[in-house]
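Structure record follows, encoded as structure tokens.
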Amino acid sequence: MKRILVTGGSGFLGSRLCEVLLERGDEVICLDNFYTGTKRNIFHLLDNHRFELVRHDVTFPYYSEVDEIYNLACPASPVHYQRDPVQTVKTCVHGAINMLGLAKRIKAKILQSSTSEVYGDPNVHPQVEEYWGNVNPIGMRSCYDEGKRCAETLFFCYHMQCSLRVKIVRIFNTYGPNMHPNDGRVVSNFILQALQNKDITIFGDGSQTRSFCYRDDLVDAMVKMMDTPDSVTGPVNLGNPGEFTILQLAKLVIELTGSKSKIVQRPLPADDPKQRQPDITRARELLNWQPSTPLKEGLVKTIAYFEQLLKDDPEFCREG
Ligand code: NAD
Ligand code: UDP
């Protein structure tokens, strides 16, 4: 049994990670300031004697004795990370410094949840880990993109300077149950719009592409990455290489929900990447992993989750 700290543990991915680690028999400290996470995601874990919930902001130092740290704390959707860009940079950078400092002091292994956004609007397709990216340092997305890039730098500085055991995963668009209904991400937006027969809002002409990975596949890979030998630092791309246009996604969601929604166009946000697809050769080789959930199957599960949420707590789905 290990003691594991999960920062951002009440968020979409963090809550699933806490579940998986508890199922494996570990002790889990879930640390979160509830900026975008919700107690609803981890409520069912509160009775587990191996689970502990700590309200804390990673931009302030935190101390605990643990064997491993998964650093997930950070708003992940454009709507949320652009709401307070200064706090987003602080969370990425000060949060990383605080967690790396802790890992160094207690000799813990630490994994950073980085992002495909480090590639920006990529000129290389599909994206390989060797690609350095095409990122605007002063745009709408910069607080997140550059914050995450700096966090990667910090992880490697601590690794090179202090021999810290670090792991970096670059996560591509992931979806599934426990996504926040109002975080504005494309999958949750389209599903909620479709279930309520509201217009489906495509930004731009819908020709931009994304590759969507189901939550459980992704979390499985994160745990596998943490369990690799110390020589494996990454970065390793994690995602589902199946690439779809946003228009294709909208049509699929309408088909699967049997919705009467119409597709409407809205302006494309600045610096919105035109295409994104992970090359997961490294993950396949190092982790013996590849996603097993096709988009249709994952969407069916996610639609069922939001259908239930709309029934149980329509107010929560309306908050914005
Ligand atoms: P999320 O917003 O659901 O979860 C983030 C969690 O971090 C929330 O619970 C939030 O309250 C918490 N948090 C934010 N700032 C904090 C702070 N200063 N101190 C403590 N807690 C804080 O997002 P998610 O999709 O679960 O993303 C988790 C991680 O994965 C993030 O680091 C994100 O950058 C990364 N990621 C996610 C995706 C994706 O598609 N979901 C893609 C790339 C990277
Ligand atoms: N998008 C869209 N309609 C929406 C929300 C998002 O067309 O209601 C588009 C968005 O412009 C982007 C893609 O879907 O091209 C994915 O957006 P998301 O915010 O989910 O993730 P990211 O842009 O960070 O990959």
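Each value in this text was obtained by applying a stated rule to the coordinates, not by laboratory testing. On a predicted model such as this, the values are computed, not experimentally measured, just so you know. Cβ sites come from the backbone with ideal geometry, for glycine too, and all protein chains shown count toward neighbours.
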Q: Post the alpha-carbon centroid distance, the stretch 78-122 to the stretch 199-274, in whole angstrom.
A: 21 Å
(Q) Between 0 and 90 degrees, rounded to the nearest ten: what's the tilt of helix 186-195 against the longest Cα principal axis of the chain? (A) 40 degrees
Q: For helix 215-226, report the angle its Cα long axis makes with the longest principal axis of the Cα atoms of the chain; keep it between 0 and 90° and round to the nearest 10°.
A: 20 degrees
Q: Output the relative contact order of the stretch 152-246, whole-number percent, from Cα pairs under 8 angstrom with separation of 6+ residues.
A: 41 percent
Q) Does anyone have the angle between helix 12-24 and the longest principal axis of the chain? Alpha-carbon axes, 0 to 90°, nearest 10? A) 50 degrees
Q.
With bins 20 Å wide starting at 0, give me the P(r) of the chain over every alpha carbon pair, in whole percents.
A. 33, 60, 6
Q) Taking neighbour counts of Cβ atoms within 10 Å as a proxy for exposure, in what order, fewest first, do 125, 80 appear? A) 125, 80
Q. Which ³J(HN,Hα) values in Hz, rounded to whole numbers, follow from the phi angles of the stretch 273-280 under the Karplus curve 6.51 cos²θ - 1.76 cosθ + 1.60, where θ = phi - 60° and Gly and Pro get x?
A. x, 6, 8, 7, 7, x, 8, 10
**Q.** Rounded to whole Hz, the Karplus (6.51, -1.76, 1.60) HN-Hα couplings of the stretch 136-152, x for glycine and proline
**A.** 6, x, 10, x, 4, 8, 5, 4, 7, 4, 6, x, 5, 5, 5, 4, 4
Q) What is the order of 148, 274, 104, fewest Cβ neighbours within 10 Å to most? A) 274, 104, 148
Q | Zero-based 5 Å bins, Cα pair distances in the stretch 150-202, whole percents | A | 4, 16, 18, 12, 8, 9, 10, 10, 7, 4, 2, 0
Q: Could you work out which residue, out of 55, 284, 141, moves most in a Gaussian network model of the chain, that is, has the largest mean-square fluctuation with Cα springs under 10 Å?
A: 55
**Q.** Computed over the stretch 206-265, Cα set: Rg, Dmax in Å
**A.** 16.6, 53
Q.
For residue 251, give me every one of the aspartates and glutamates with a C-alpha distance below 16 angstrom, ignoring sequence neighbours fewer than eight places off in its own chain.
A. 199, 205, 243, 297
